[in-house]
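Attaching a single structure in structure tokens format; questions to follow.
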Amino acid sequence: MLEKSDSIIARLIKEEIKRERETINLIASENYVSKNVLSAVGSILTNKYAEGYPGRRYYDGCENIDEIESVAIRRALRLFKAEHANVQPHAGSQANMAVYLSVLKPGDVILGMDLASGGHLTHGTKINFSGTIFKPFYYGVNRETEQLDYDEIFEIAQRTKPRMIICGASAYPRLIDFKRFYEMAKNVGAYLCADIAHIAGLIVAGLHPSPVAYAEFVTGTTHKTLRGPRGGFILCKREFAQLIDKAVFPGIQGGPLMHVIAGKAVAFKEAMGRKFRLYQKNVVSNCSFMAKGFVEMGYRLVSGGTDNHLLLLDLRNKKITGDVAQKVLGSVGITVNKNVIPFDPLPPNIASGIRIGTAAITTRGMGKTEIKKILEFIDEALSASDKISELRHIKKRVKRFASQFPIYAE
Ligand code: PLP
């Protein structure tokens with residue numbers, strides 16, 4: 001028993017269970033997995049080395065491992081209607097790295113969404129491998145609409161002539177027109193990589209258009225809306241299958257995490273069911289309900305609304321920074337993250353906004369009634385940001401409220 005052999009780690013896991021149970025998680029990139037996913041990830045599969053791919057391993061004893069990875073691949077292909085899948089990337093960042101290294105050379109031009117407008121570090125940021133190995137250019141959102149402006153992106157693509165265009169985002173509340181991206185990529189002779197890390201679950205449920213028919217490469221994470229274990233995956237056209245597999249192993253990774261791949265397989269199966277589709281519908285409807293609630297309370301939403309699982313609040317009219325809001329909400333047990341807003345006058349470590357997502361609370365079974373309550377908690381806490389005793393009182397109410405809901409997906 002862990003309690004006996006390592007009381008420190010056992011205690012900290014218990015503390016984390018308590019934290020997850022007693023707080024309201026509005027971090028847009030997080031979720032709660034099912035007990036079945038947990039049991040796969042916590043299994044003895046972690047013992048096994050399996051460098052290579054099913055039927056082509058560098059280690060012996062892979063007969064069960066081969067089947068597990070093959071099942072995961074088959075399920076990924078069925079789920080996303082893709083031609084080839086690689087389920088080995090340890091995380092979304094590795095999935096992106098493998099895609100870039102599969103067809104690009106150091107110094108090649110890439111065009112990705114600016115971090116400050118909602119893109120991800122791995123889309124060409126200067127402090128990330130993607131911005132140091134390659135030559136990055138960026139597109140953002142339109143200043144007026146705060147949404148992607150495809151004509152403007154096309155103009156940037158024509159000017160910068162990228163070898164690869166990367167679309168997809170970490171903090172963009174609107175639908176992404178993958179077909180438009182594909183057309184402009186073809187027009188300028190670039191590959192298209194669609195990063196669906198955030199919206200994979202919505203895509204599977206048919207609530208967001210899929211890039212699979214268009215993009216040569218699709219990357220994603222299994223742990224956000226897809227509600228699987230922490231990990232990444234790549235989908236690609238058949239003609240790039242070998243290049244992608246080689247880029248993942250031996251290109252950038254060693255042995256695959258087979259316990260996690262088993263967890264991915266379990267999550268893929270769960271994502272095929274009707275219950276999952278209903279869950280995703282609720283994630284989206286909860287998010288738009290929450291967005292309306294914020295607007296009614298006088299908050300400004302970046303882009304004026306949301307089409308997906310997340311929203312961005314611009315807190316400038318509330319005279320509070322994203323950093324302070326994150327700390328205040330954290331102090332009452334509501335977890336959010338500060339986020340820059342487009343054309344933010346403040347630096348990223350302070351930021352003018354916060355990002356809020358509904359994937360995690362929806363897994364816990366929360367709906368409109370609970371969201372009304374959460375909106376009340378948030379507004380009260382932000383209005384009482386320097387009143388310690390009021391914040392303490394809100395924290396107690398948040399704890400009582402949140403503790404009623406399970407922290408496992410059904
Ligand atoms: N791509 C996007 C759009 C993301 O939002 C993220 C993570 O937040 C990633 C890639 C990277 O995923 P990971 O943290 O698993 O490396």
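The values are calculated or read from the model by the stated rules, or taken from the named source; none is laboratory data. In this text the structure is predicted, and so the values were computed from the model without any measurement. Because the Cβ atoms are built from the backbone with ideal geometry, glycine has one as well, and the counts that use them run over all protein chains shown. Just the protein is used for accessible areas: all its heavy atoms, side chains included, with ligands, DNA and RNA removed. Shrake-Rupley method; radii C 1.70, N 1.55, O 1.52, S 1.80 Å.
Need pairs with beta-carbon distance below 8 Å; first residue under 17 Å from Glu20 (Cα atoms) and within region 327-352, second open to solvent by 40 Å² or more (accessible area, probe 1.4 Å) and of a type in the set (Gly, Ala, Ser); sequence gap 6+ or separate chains.
Val336/Gly330
Going residue by residue through region 267-276, is there one that turns out to be within 16 Å of the ligand (Cβ to nearest atom) and at pLDDT 95 or above? Explain how you work it out, then say what you get.
First, pick out the residues of region 267-276 that are within 16 Å of the ligand (Cβ to nearest atom): 267.
If we keep only those that are at pLDDT 95 or above as well, we get 267.
The answer is yes; a qualifying residue exists.
Let me ask something additional. What number of residues within region 79-88 satisfy the criterion of being away from the ligand (no atom under 16 Å from the Cβ) and part of a strand (DSSP E or B)?
2
Scan (1) in a helix (DSSP H, G or I); (2) in contact with a helix residue (DSSP H, G or I) (Cβ under 8 Å, 6 or more places away or on another chain); (3) within 15 Å of the ligand (Cβ to nearest atom) for the single condition Gly131 breaks and write down its number.
(2)
While we're looking at this one, here's another question. How about region 208-228: which of its residues are within 13 Å of the ligand (Cβ to nearest atom) and of a type in the set (S, T, N, Q)?
Thr219, Thr221, Thr222, Thr225
Among the residues of region 183-241, which ones are of a type in the set (Gly, Ala, Ser) and in contact with a Leu (Cβ under 8 Å, 6 or more places away or on another chain)?
Keep residues of region 183-241 that are of a type in the set (Gly, Ala, Ser), which gives 185, 189-190, 194, 197, 200-201, 205-206, 210, 213, 215, 220, 228, 231-232, 241.
Across region 183-241, the qualifying residues are Ala185, Ala190, Ala200, Gly201, Ala215, Gly220, Gly231.
Could I ask something else about it? Could we say that Ala50 is buried (at least 18 other Cβ atoms within 10 Å of the Cβ), part of a strand (DSSP E or B) and modelled with pLDDT of 95 or more here? Show your work before the answer.
Details: buried (at least 18 other Cβ atoms within 10 Å of the Cβ): yes; part of a strand (DSSP E or B): no; modelled with pLDDT of 95 or more: yes.
Taking the combined requirement at face value, the residue does not satisfy it.
Go through (1) within 12 Å of the ligand (Cβ to nearest atom); (2) small (Gly, Ala, Ser); (3) open to solvent by 20 Å² or more (accessible area, probe 1.4 Å) one by one and return the number of the condition Gly107 breaks.
Among (1) within 12 Å of the ligand (Cβ to nearest atom); (2) small (Gly, Ala, Ser); (3) open to solvent by 20 Å² or more (accessible area, probe 1.4 Å), Gly107 violates only (1).
Would you mind stating whether Ser29 is in contact with a Phe, Trp or Tyr (Cβ under 9 Å, 6 or more places away or on another chain), within 28 Å of Ser170 (Cβ to Cβ), among the hydroxyl-bearing types (Ser, Thr, Tyr) and in contact (Cβ under 8 Å) with a residue 40 or more places away in the chain?
Values: in contact with a Phe, Trp or Tyr (Cβ under 9 Å, 6 or more places away or on another chain): no; within 28 Å of Ser170 (Cβ to Cβ): yes; among the hydroxyl-bearing types (Ser, Thr, Tyr): yes; in contact (Cβ under 8 Å) with a residue 40 or more places away in the chain: yes.
The answer is no for Ser29.
So, one more: Within region 67-78, is even one residue assigned to a loop (DSSP other than H, G, I, E, B), open to solvent by less than 20 Å² (accessible area, probe 1.4 Å) and assigned by TED's automatic domain parsing to the domain that holds Pro229?
Restricting attention to region 67-78, the residues satisfying the condition of being assigned to a loop (DSSP other than H, G, I, E, B) are none.
No: region 67-78 contains no residue that is assigned to a loop (DSSP other than H, G, I, E, B), open to solvent by less than 20 Å² (accessible area, probe 1.4 Å) and assigned by TED's automatic domain parsing to the domain that holds Pro229.
Would you tally the residues in region 267-314 being open to solvent by less than 60 Å² (accessible area, probe 1.4 Å), free of Cβ contacts under 8 Å to residues at least 40 places away in the same chain and not in a helix (DSSP H, G or I)?
Adding up the residues that qualify gives 4.
Out of Gly255, Gly231, Gly201, Gly189, report the one residue that is more than 26 Å from Lys161 (Cα to Cα) and either away from the ligand (no atom under 16 Å from the Cβ) or polar (S, T, N, Q) (or both). Walk me through how you get there before you give the answer.
Numbers: Gly231 fails: either away from the ligand (no atom under 16 Å from the Cβ) or polar (S, T, N, Q) (or both); Gly201 fails: either away from the ligand (no atom under 16 Å from the Cβ) or polar (S, T, N, Q) (or both); Gly189 fails: more than 26 Å from Lys161 (Cα to Cα).
Gly255 is the lone residue from the list that is more than 26 Å from Lys161 (Cα to Cα) and either away from the ligand (no atom under 16 Å from the Cβ) or polar (S, T, N, Q) (or both).
Another question, then. Restricting attention to region 89-104, and to residues there that are open to solvent by 20 Å² or more (accessible area, probe 1.4 Å) and within 13 Å of the ligand (Cβ to nearest atom), which single residue is nearest to Lys161 (Cα to Cα)?
Met97
When you look at Tyr32, is it loosely packed, with under 15 Cβ neighbours inside 10 Å and either touching a strand residue (DSSP E or B) at 6+ places or on another chain (Cβ under 8 Å) or not assigned by TED's automatic domain parsing to the domain that holds Gln253 (or both), yes or no? Break it down into steps so the answer makes sense when it comes.
Values: loosely packed, with under 15 Cβ neighbours inside 10 Å: no; either touching a strand residue (DSSP E or B) at 6+ places or on another chain (Cβ under 8 Å) or not assigned by TED's automatic domain parsing to the domain that holds Gln253 (or both): yes.
So Tyr32 fails the test.
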